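The values are calculated or read from the model by the stated rules, or taken from the named source; none is laboratory data. Owing to the predicted nature of the structure, the values given are computational and were not obtained by experimental measurement. Here the Cβ positions follow ideal geometry from the backbone for every residue, glycine too, while neighbour counts run over all protein chains shown. SASA here: full protein model, heavy atoms, side chains in, ligands and nucleic acids out. Shrake-Rupley method; radii C 1.70, N 1.55, O 1.52, S 1.80 Å.
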Amino acid sequence: MRNHRIAAIGGDGIGPEVISAGLEVMAALSAKLGDFQIETQDFGWGSELYRKTGVMMPADGVDRLREFDAIFFGAVGAPDIADHITLWELRLAICQGLDQYANVRPTKLLPGMRGPLLPELGAQIDWVIVRENSEGEYAGVGGRAHAALPLEVAMDVSVFTRAGIERIARYACELAMKRPRMRLTVVTKSNAQRHGMVLWDQVCREVLADYPALQTDFMLVDAMAAKMVTSPGTYDTILATNLHADILSDLASALTGSLGNGATANLNPSGDAPSMFEPIHGSAFDITGKGIANPIGAFWTAAMMLNHLGEKRASDVLMEAIGAICQSGPHTPDMGGQANTAAVTQAVIQAITEA
């Protein structure tokens, strides 16, 4: 019996609701397959803790997470707390503290789903967006001076290092080589950002030279946003910087019919520290507590986590169950239905049990 220790951080908004649903589904998989078990520890970190103590997580929070095999994370953000506090003091603190430099976001139209694109275009969507997760505009370099004076100034410095670019480019190449099309598109903006992005292009080209079997091209980020809408079948694996991939991956998820379906992994590919897995829908405070949050993104995220932990069979069974429920229902309101979170969760569990 293989045992996996999971740190569960529900966080804010609908995060605790969908993480709880995801844990239920993983327990059903463990019971069905009988060859692994999940041991979880819940961490009540997030905005509620901040309101009580002034911190989003304890000072030793990152160190406490190191003893786990993976982290299952819900969402962060609250309407009464500034976003730069909630993000930097929890999610980014974990990602950067554990050097989870590869953010991986798969995107495809799940069975039965219809996004805003014409059906023949939507059916072409099958992408993996690889996002550099530690540098760029989110490196945290910058500051403010002359506060509240007419000459007040604020600066955020985009950081690009040769080592940081090289490692994410190599990760993206290795991932693209494993996919049937063996195609990689590198997103850039070097026509306008003539220092950091020029280095990005240069180092990416150096890495690409080690992978002659890959079909590769470079796209400016604004053109890439348009092409994802007008010719989605042209692309497969997409490599982009921290900020650019953040924007493109939300666009990608919206094109599949619901942000609630999106999944992501924040990976430490070296295995020196645990990786973190999270749905990308955000805290969604407008529906918090109503019991109607879409758990599909959390389930897909759980499948990514299981695959990362070596439980490919469990991951495959879960993805088949997700596909079956997306095809036949029940569906939450964001997917055009009227079911609640619990009903979708139980339907997926039933599909697992009957697999």
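Mind listing whichever residues of the stretch 182-207 are within 23 Å of Asp126 (Cα to Cα) and out of contact with any helix residue (DSSP H, G or I) (no Cβ under 7 Å at 6 or more places or on another chain)?
Thr185
Need at least 2 residues that are open to solvent by 70 Å² or more (accessible area, probe 1.4 Å) and touching a residue at least 12 places away in the same chain (Cβ under 8 Å) per element, so show me which helices (runs of 4 or more DSSP H) inside the stretch 112-218 make the cut, counting only ones lying wholly within it.
So the answer is 162-178.
Contact list please: Cβ distance under 7 Å, first residue in the stretch 316-328 and over 12 Å from Ile349 (Cβ atoms) and part of a helix (DSSP H, G or I), second residue β-branched (Val, Ile, Thr) and open to solvent by less than 60 Å² (accessible area, probe 1.4 Å), pairs at least six apart or on different chains.
Within 7 Å, the pairs are Cys326/Ile296.
Which residue out of Ile38, Ile71 is within 18 Å of the chain's Cα centre (by Cα), of a type in the set (A, V, I, L, M) and on the phi < 0 side of the Ramachandran plot?
Ile71
Within the stretch 87-111, count every residue that is open to solvent by less than 10 Å² (accessible area, probe 1.4 Å) and free of Cβ contacts under 8 Å to residues at least 40 places away in the same chain.
0
Taking strands (runs of 3 or more DSSP E) that do not extend beyond the stretch 1-86, which have at least 3 residues that are open to solvent by less than 20 Å² (accessible area, probe 1.4 Å)?
2-11, 70-75
Looking at this structure, is Asn340 open to solvent by 10 Å² or more (accessible area, probe 1.4 Å) and under 17 Å from Ile38 (Cβ atoms)?
So Asn340 fails the test.
Could you list all residues from the stretch 244-287 that are of a type in the set (S, T, N, Q) and crowded, with 17+ Cβ neighbours inside 10 Å?
Passing the criteria: Ser249, Ser253, Thr256, Ser258, Asn261, Thr264, Asn266, Asn268, Ser275, Ser283.
Quick one: which of Asp80, Asp60 is among the acidic types (Asp, Glu) and touching a helix residue (DSSP H, G or I) at 6+ places or on another chain (Cβ under 9 Å)?
Asp80
Within the stretch 343-355, can you find the residues that are open to solvent by less than 60 Å² (accessible area, probe 1.4 Å) and either touching a residue at least 40 places away in the same chain (Cβ under 8 Å) or in a loop (DSSP other than H, G, I, E, B) (or both)?
Val344, Thr345, Val348, Ile349, Ile352
Could you please give the count of residues in the stretch 222-243 that are surrounded by fewer than 20 Cβ atoms within 10 Å (Cβ to Cβ) and either in a helix (DSSP H, G or I) or aromatic (Phe, Trp, Tyr) (or both)?
So the count comes out to 10.
Condition (residue is in contact with a strand residue (DSSP E or B) (Cβ under 8 Å, 6 or more places away or on another chain), within 25 Å of Ser47 (Cβ to Cβ) and aliphatic (A, V, I, L, M)) applied to the stretch 310-331: is it met by at least one residue?
No, that holds for no residue.
Only residues that are in contact with a strand residue (DSSP E or B) (Cβ under 6 Å, 6 or more places away or on another chain), of a type outside the set (Phe, Trp, Tyr) and either more than 19 Å from Glu137 (Cα to Cα) or modelled with pLDDT under 95 (or both): list them for the stretch 183-218, please.
Within the stretch 183-218, Arg183, Leu184, Thr185, Leu208, Leu214, Gln215, Thr216, Asp217 meet the criteria.
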